[in-house]
Amino acid sequence: MGDAHKLDCEAVSDTCRFIIQSENESEAIELATTHMKTVHDQDLSERELHEDHLQVV
Ligand SMILES: [Zn+2]
């Protein structure tokens with residue numbers, strides 16, 4: 001199986017326990033973008049998500 005793309009919000013926030021893990025990269029990006037925008041009021045680009053938030057596991 002392929003790599004999974006993971007966003008672990010706990011790594012960047014003390015209060016959020018949100019975790020996304022998906023083997024579908026575009027799905028992970030979409031879920032992460034929506035989460036960061038609605039919950040953390042951060043409008044992150046795909047590149048910023050890759051550099052700062054998404055891990056490949
Ligand atoms: Zn969060």
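Using C-alpha pairs under 8 Å with a sequence gap of at least 6, the mean separation divided by the residue count of segment 5-56 gives a relative contact order of 38 percent. In plain terms, the chain from Asp43 to Asn24 could stretch by 4.7 nm, reckoned as 0.36 nm per residue minus the Cα-Cα distance. Sorted fewest first by neighbouring Cβ atoms within 10 angstrom, His5, His50, His35 come out as His50, His35, His5. Taken one residue at a time, the phi angles of segment 19-31 give Karplus couplings (6.51, -1.76, 1.60, θ = phi - 60°) of 10, 10, 9, 8, 7, 8, 4, 5, 5, 4, 4, 5, 5 Hz. Gly and Pro are set to x. Of the GluC sites (Glu not before Pro) found in the chain, the ones in coil according to DSSP and having at most 12 other Cβ atoms within 10 Å of their Cβ are Glu23. What FRET efficiency would be calculated for the residue pair Gln55, Asp14, taking the C-beta separation as r and a Förster radius of 25 Å, to the nearest 0.05? The formula returns an efficiency of 0.85 here.
Dividing the summed -39500 (n - 2.57) terms of all DSSP H runs of n ≥ 4 by the residue count of the chain sets its mean residue ellipticity at 222 nm at -12500 deg cm²/dmol.
Bear in mind that the values in this text are calculations on the coordinates, not laboratory data. Bear in mind the structure is a predicted one, so any value in this text is a computation, not a measurement. For neighbour counting, all protein chains shown are included, and Cβ atoms are generated from backbone atoms with ideal geometry for every residue, glycine included.
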